[in-house]
Amino acid sequence: MKKVVTIWWWTWTYNLVSALKWIDDIFINCIVSMSDDWGSTWFLRDEYGILPPGDLRRALIALADESKVDFLRKLFSYRFRSWLLKWQNLWNLIMLAAEDIVGDYWKAINELEHLLNITKWKVYPSTLEKTRLLAKLENGDYIVWETNIDIPKHNPWLKIEEFWVIKEDYAKILKAMDKYSWHIFDTKKINKIFDLTVELAIQDKPFHNPKIEKVLENADYIIIGPWDLYTSILPNILIWGVVNLIKNSKAKKIYIANLFTKLGETNWFTLSRFLKVFEKYLGEDIFDLILIQDRRAVDIPWELLVWYKKEGKEIVENDLKWDNRVFEVDVVKIWEFIRHDKDKLRKVLQNIL
C-alpha cells in the first residue's frame, strides 16, 4: 500500500482528498495549516486560545464515509445567525468542546476521527503551537497575521520579499507596536524594538508536530499545492524542521500548479516564478513531477476571464514547456467559477500513483 502525504490548506484539502480516497491501495496522510485567523476563527483564537480548526474540518469531512459527506459538509459548515453565536461555525464550536473535554488538541482530533468512522487515513496539524504569519514587502514594510496578507489593506501590487511563520506571542508584540506605539513612544526606539522582535521571531521558530516526522520519512509520495502560495502552502513548510523533513524524504514529490495568480501574493507569477519561491526554501529541483492545467483542453468563457481579471487574477502560464518534469493535464471544471475537478484529478493521480 502506497503512503501519500498531502500538504495544503482550505478548499483544496477537500478537493484533493476527495479524489485520492477513491484510488485503491493508498494510505492518505493530510498535513494541514494552523495559521488561519479569518472571521469566527479569529474570535475563537483570541477568546479561547485554541488552534484554528477550519482546515481540520475540511480534511476530516473529505475522509468521512461518502454517504455522509454532503450532509456533514452542510452541518459542520453551518453558521448561526442569532446575535449570541452570529456567524460562528458549528465545527469550530465542536472542536472547541472536544479539546476542552479531553484536554488535548491531538486527542480531540483522534476522538473526532473515531466519531466520523475514519480508520484508514489520518489528519495531522502541521504544528501544535500557536502561530501567525509575517511578511516583509519589497518596500520594507512588515505585514502581520494571515488575514492582513490574504486581504491586503496595503498596496496589493507590492511584492512579498520575505515570509515567515512565527510564534503567536511575537506576532502580538509586533501588532501592538504597529497599532499603538507611533503616538506614545519615540519612533526610533520603537523601530529598534520592532526589528529586534522580528529577529527573535525568525530565529525562535514554532516547532513542527512531532508526529509528522515518520509520516514524511515513510511517504512514497508528497503532494503539494495549489491554493494561496504564501498564506496557504508555505505555512505548512516553514515550521521549524519541516523543510529538512521534506528534503530528506525519499518520497516522489509532486506539485500541482495554481490555475490563477493571487492579488497581493503572486501578482504576474508564471509557473517558473512559483517554483523559484519553493526553491528558495526547499532547494532546487525539489519536485519530481509538476502538473499544470492544459489551456487547450478547456474553452474558458471570456466573461469569466474578465471577472477574474477584475479580481486581480491572471491565468498561470506554463513557461517551462522544455522541462521534462512538467506535464500539462486537464483537471478543471467550469461552473460559475473555474475550479479543479476531483474526478479529473482522481484519473490523473491514479495514473501517476
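The figures follow:
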{"item": "Contour minus Cα-Cα distance for residue 335 and residue 248 (0.36 nm per residue)", "result": "27.3 nm"}
{"item": "All-pairs alpha carbon distance profile, the chain, 10 Å steps from 0, percent", "result": "5, 23, 34, 26, 10, 2, 0"}
{"item": "Residue 304-residue 213 pseudo-label distance in nm [points 7 Å out on the Cα-to-Cβ vector]", "result": "4.6 nm"}
{"item": "Nonlocal amide H pairs with residue 326, under 5 Å, H built at 1.01 Å", "result": "290"}
{"item": "Mean separation of Cα contacts under 8 Å (6+ apart) over length of the chain, as relative contact order %", "result": "18 percent"}
{"item": "Cβ charges +1 (Lys, Arg) and -1 (Asp, Glu), total dipole of segment 131-203, debye", "result": "240 debye"}
{"item": "Net +/- balance of residues flanking residue 267 in space, Cβ distance below 9 Å, scoring K and R +1, D and E -1", "result": "0"}
{"item": "Mean shadow area of segment 281-335 over all directions, Cα convex hull, nm²", "result": "5.3 nm²"}
{"item": "Dimensionless Rg/Rh of segment 131-203 - Kirkwood Rh, Rg from C-alpha atoms", "result": "0.95"}
{"item": "Of 3/205; 167/188; 3/342; 153/309; 167/211, pairs whose Cα-Cα distance is over 21 Å", "result": "3/205; 167/188"}
{"item": "Candidate aspartates and glutamates - alpha carbon under 14 Å from residue 247, same-chain residues fewer than 8 apart omitted", "result": "213, 217, 220, 279, 284, 285, 288"}
{"item": "Among 346-352, 297-303, 252-258, the order from most to least packed when residues are scored by Cβ within 10 Å on average", "result": "252-258, 346-352, 297-303"}
{"item": "Of all DSSP beta bridges in the chain, antiparallel share, percent nearest 5", "result": "35 percent"}
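Since every read-out is calculated from the coordinates, none of them should be taken as a lab result. Keep in mind that what you see is a predicted model, and the values were worked out from it rather than measured. Because the Cβ atoms are built from the backbone with ideal geometry, glycine has one as well, and the counts that use them run over all protein chains shown.
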